[in-house]
Amino acid sequence: MTERNKTLNKWNASFRKGTDFDSWGQLVEAIDEYQILARQLQKEAQSPANSSDFTEDHKKIIGKIATCLELRSAALQSTQSPEGFKLEDLKKLEPILADLLTYNKEFPFDVQPVTLRRIFAPGDEENLEVEEEEEDGGAGVGSPDSFPARVPGTLLPRLPSEPGMALLTIRIEKIGLKDAGQCIDSYITVSVKDINGIDLTPVQDTPTASRKEDTYVHFNVEIEIQKHIEKITKGAAIFFEFKHYKPKKRFTSTKCFAFLEMDEIKPGQIVIELYKKPTDFKRKKLQLLTKKPLYLHLHQTLHKD
């Protein structure tokens, strides 16, 4: 079996796994599977011709399938868009992916392939010109600070309770930034990563900020962490990436990040320090964003039966 066929078999198995979860109502698992597969397809669709086993026509279809996976994932995460991309629509793509090498019909949905949309998987590097840093010292060339044009506000509901186990709700109140008033369409991406930077739960985005005042961007939004605290692996952390739109460059950029380690999870108010991009999920080379007393303000609530 060729490497190309092995790759297709792997993608098809992941696609079926995701739609099975979706059919069974296991939405968290379905979202996770869709996002992982979409990321793999995105990478292939954007790969240089000399490093890919697929033709440019194949990659256009791969890119469109990745877009549909993103749309279905967003529909599952949104409480406001019940008429989003449906499971029965997504299932129409299964035979296309299975017969990708011989598929020669028109794609059933009017979506753009990934290669035309400047989509980047979280953590992937984009070769952008170096930005001016807000503080002394740069993050370096090729910082992984540009991300997909995701729809902010894709929050997930609280998980069902389990006896003897705790669930965590985090209210993001505000973030302090010296240029808060200049941040456009800002939102925060929340993720739970293990010690190696691997996702332990689906990634969630807050809605865009509710208001800006002086040196603060206000959110006042609650995030439901998608795993019982007792099930989160030792050494993990909850990350908060502050993102905002740069109209001159026409992309959304990560400005800074913060994180909560497991020993900091306790009920009540907490303020945590802000670090310079790129987001260091392994927490190996941390640089404070500023010497000024500006922080991310959170409030934690633990729910336990």
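The values are calculated or read from the model by the stated rules, or taken from the named source; none is laboratory data. Worth saying up front: this structure is predicted, and the values here are computed from it rather than measured. Positions of Cβ are generated from backbone atoms using ideal geometry, with glycine treated the same way; all protein chains shown enter the neighbour counts. Heavy atoms of the whole protein, side chains included, go into the accessibility calculation; ligands, DNA and RNA do not. Shrake-Rupley method; radii C 1.70, N 1.55, O 1.52, S 1.80 Å.
If you go through the range 79-96 one residue at a time, do you hit one that is at negative phi, surrounded by 15 or more Cβ atoms within 10 Å (Cβ to Cβ), at pLDDT 90 or above and in a loop (DSSP other than H, G, I, E, B)? Yes, because at least one residue in the range 79-96 is at negative phi, surrounded by 15 or more Cβ atoms within 10 Å (Cβ to Cβ), at pLDDT 90 or above and in a loop (DSSP other than H, G, I, E, B). Here residue 22 meets each of (1) in a helix (DSSP H, G or I); (2) touching a residue at least 24 places away in the same chain (Cβ under 8 Å); (3) touching a Ser or Thr at 6+ places or on another chain (Cβ under 9 Å) with one exception, condition (3). Checked against (1) surrounded by 14 or more Cβ atoms within 10 Å (Cβ to Cβ); (2) more than 18 Å from the chain's Cα centre (by Cα), residue 201 meets all criteria but (2).
Of the residues making up the range 232-245, those that are surrounded by 16 or more Cβ atoms within 10 Å (Cβ to Cβ) and charged (D, E, K, R) are 241, 243.
The set of residues from the range 281-302 being assigned to a loop (DSSP other than H, G, I, E, B) and open to solvent by 30 Å² or more (accessible area, probe 1.4 Å) comprises 281, 282, 283, 284, 285, 286, 287, 291, 292, 293. Screening residue 123 with (1) open to solvent by less than 70 Å² (accessible area, probe 1.4 Å); (2) within 16 Å of the chain's Cα centre (by Cα); (3) modelled with pLDDT of 50 or more; (4) not β-branched (Val, Ile, Thr) gives one miss only, at (3). Mind listing whichever residues of the range 170-198 are open to solvent by less than 60 Å² (accessible area, probe 1.4 Å) and hydrophobic (A, V, I, L, M, F, W, C)? Once the filter is applied, which keeps residues that are open to solvent by less than 60 Å² (accessible area, probe 1.4 Å) and hydrophobic (A, V, I, L, M, F, W, C), the range 170-198 yields 170, 172, 175, 177, 180, 183, 188, 190, 192.
Residues checked against (1) at pLDDT below 85; (2) buried (at least 21 other Cβ atoms within 10 Å of the Cβ):
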position: 40; (1), (2): no, no
position: 48; (1), (2): yes, no
position: 55; (1), (2): no, no
position: 64; (1), (2): no, yes
position: 69; (1), (2): no, yes
position: 72; (1), (2): no, yes
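If the condition is being assigned to a loop (DSSP other than H, G, I, E, B), crowded, with 16+ Cβ neighbours inside 10 Å and touching a residue at least 24 places away in the same chain (Cβ under 8 Å), then the range 257-280 contributes 265, 274, 277, 278, 279. Taking residue 152, is it within 23 Å of the chain's Cα centre (by Cα), at pLDDT below 70, within 30 Å of residue 228 (Cβ to Cβ) and surrounded by 14 or more Cβ atoms within 10 Å (Cβ to Cβ)? Yes.
For the range 30-60, the tally of residues that are of a type outside the set (Asp, Glu) and within 25 Å of residue 198 (Cβ to Cβ) stands at 16.
Of all residues in the range 231-256, how many are in contact with a strand residue (DSSP E or B) (Cβ under 7 Å, 6 or more places away or on another chain) and either part of a strand (DSSP E or B) or charged (D, E, K, R) (or both)? Number satisfying all stated conditions: 16.
Table: residues versus (1) in a loop (DSSP other than H, G, I, E, B); (2) at pLDDT below 90.
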{"site": "178", "(1), (2)": "yes, no"}
{"site": "189", "(1), (2)": "no, no"}
{"site": "192", "(1), (2)": "no, no"}
{"site": "195", "(1), (2)": "yes, no"}
{"site": "202", "(1), (2)": "yes, yes"}
{"site": "208", "(1), (2)": "yes, yes"}
{"site": "218", "(1), (2)": "no, no"}
{"site": "222", "(1), (2)": "no, no"}
{"site": "227", "(1), (2)": "yes, no"}
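Filtering the range 248-271 to residues that are closer than 24 Å to residue 179 by Cβ and within 21 Å of the chain's Cα centre (by Cα) leaves 249, 250, 251, 252, 253, 254, 255, 256, 257, 258, 259.
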